[in-house]
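Novice: Following this message is one structure expressed as structure tokens.
The values are calculated or read from the model by the stated rules, or taken from the named source; none is laboratory data. Keep in mind the model is a prediction, meaning the values are calculated, not measured. No Cβ is skipped: glycine too gets one built from the backbone with ideal geometry, and neighbour counts run over all protein chains shown. In case anyone asks, the SASA skips ligands and DNA or RNA and just uses the protein heavy atoms, side chains included. Shrake-Rupley method; radii C 1.70, N 1.55, O 1.52, S 1.80 Å.
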Amino acid sequence: MAAELKRQKISEKFGELKQKKEGALIGYVMAGDPSAEVTSGIIKALVNGGADIIELGFPFSDPVADGPTIQAAGQRALAAGMDIEHYFELVRSLEVKVPLVCMTYYNPVFRYGVETFVEHAAEAGISGLIIPDIPVEEAADLKSSCEKNGLDLIFLVAPTTTDARIQKILERGSGFVYLVSRLGVTGARADVAGSTKELLARVKTDIPKAVGFGISTGKQAAEVRKAGADAVIVGSAFVRIIEEGNGVNEKLEALARELKSGILGAN
């Protein structure tokens, strides 16, 4: 890790924010889009703007939960040569103290070797994993490896998730629970779904509740925070700025600041 930098655990970050009665901003970007070298500056810009946790995507060729914006980012990253070894090298080099969460799909983890992937992720400075396409019922090996290596395993809850499955997810997940605010794939939307409040009320837990899918403005972030979320997750809105490619870091920092201000204003 860069200069033996000590990164926070997810629980430490949420504990710190809870003391300040502050909601978290979780920013998602794709590693290697448009290149590994550029990703480092992108993450610094998000943290400078107020991002408390970074989700760093690892690209996969068939990302079932991703909308067109993030799918395109994954294709750009793969075309630029991003692979697992480069991903871990990038994570080690990042000079940020905030927790880093790896978001990817199960196929690359399985092919690399579950135990080895989790070990290398922990060594590189990853604090948690999000793998949307592995059901909680089939994640025992992955959960065991994460516990052994001190990583959180974060599961998704959708509006269609039954109460019984929510309970399983809450028993087996840690770090935070990722609440999908609407049906469908990722992507910025003009409104925040009415189902968000209902879902937040259904998920009864002390684990921090983070809401994602479709949030792109400070006003929406404030709405989600007011509805009871402990964190707001934003991805496609940041990735779109990266795709456009002009004044990227300045625009990312400005949007992160707007989103964080919305979250703070909702306290």
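Novice: What residues have an amide H closer than 5 Å to that of GLY32, excluding those fewer than 5 places away on the same chain, when H is modeled at 1.01 Å from N in the peptide plane?
Specialist: Amide H neighbours of GLY32: THR39.
Novice: Now for a different question. For region 52-148, what is the relative contact order in percent, using Cα pairs closer than 8 Å and at least 6 residues apart in sequence? Present the calculation step by step, with values, prior to reporting the outcome.
Specialist: Numbers: 93 pairs, mean separation 33.3, N = 97.
Relative contact order for region 52-148 comes out at 34 percent.
Novice: Moving on to the next point. Which aspartates and glutamates have a Cα lying under 12 Å from the Cα of LYS148, excluding residues fewer than 8 positions away in the same chain?
Specialist: Within the straight-line cut-off, LYS148 pairs with GLU115, GLU119.
Novice: Now for a different question. Could you derive backbone 3J(HN,Hα) for region 198-209 from the dihedral phi with the Karplus parameters 6.51, -1.76 and 1.60 (θ = phi - 60°), listing whole Hz in sequence and x where the residue is Gly or Pro?
Specialist: Result, ordered by residue: 4, 5, 4, 5, 6, 8, 9, 6, 8, 5, x, 9 Hz.
Novice: Turning to a different aspect of this structure: Of the cross-linked pairs LYS219/LYS251; LYS6/LYS204; LYS9/LYS44, which ones have a Cα-Cα span greater than 24 Å in the structure shown?
Specialist: Values: LYS219/LYS251 17 Å; LYS6/LYS204 32 Å; LYS9/LYS44 18 Å.
Too far apart for the 24 Å limit: LYS6/LYS204.
Novice: Based on the Cα atoms of the chain, what semi-axes does the equivalent ellipsoid have, where each is the square root of 5 times one gyration tensor eigenvalue, given in whole Å with the largest first? Working shown, then result.
Specialist: Values: eigenvalues 115, 100, 65 Å².
They are 24, 22, 18 Å, listed largest first.
Novice: Can you give the accessible area per residue of the chain, in Å², using a 1.4 Å probe? Walk me through the intermediate numbers first.
Specialist: Numbers: 11180 Å² over 267 residues.
Computed with neighbouring chains in place, this is 42 Å² per residue.
Novice: I've got another one for you. Leaving ligands, DNA and RNA out of it, report the carbon-plus-sulfur percent of the accessible area of region 1-148 at a 1.4 Å probe.
Specialist: The computed percentage sits at 50.
Novice: Follow-up. Rounded to the nearest 20 debye, what is the charge dipole size of the chain about its Cα centre when +1 sits on each Lys and Arg Cβ and -1 on each Asp and Glu Cβ? If you can, show how the numbers build up before the last one.
Specialist: Details: 30 positive and 35 negative charges, 214 e Å.
Roughly 1020 debye for the chain.
Novice: Quick one: length gained pulling SER144 to LYS21 fully straight, 0.36 nm per residue minus the C-alpha distance?
Specialist: Numbers: separation 123, 0.36 × 123 = 44.28 nm, distance 3.24 nm.
In short, 41.0 nm is gained.
Novice: At 1.4 Å probe size, put ARG240, ARG111, ARG225 in order of accessible surface, largest to smallest. Present the calculation step by step, with values, prior to reporting the outcome.
Specialist: Values: ARG240 85, ARG111 195, ARG225 55 Å².
These residues rank, largest area first, as ARG111, ARG240, ARG225.
Novice: Could you pull the Cα extents of region 23-176 along its three principal axes, largest to smallest, in whole Å?
Specialist: 43, 36, 32
Novice: Then there is this: Toward the positive end of the charge dipole of the chain, about the Cα centre and with charges on Cβ (Lys, Arg +1; Asp, Glu -1), which of ALA256, LEU153, GLY245 goes farthest?
Specialist: ALA256
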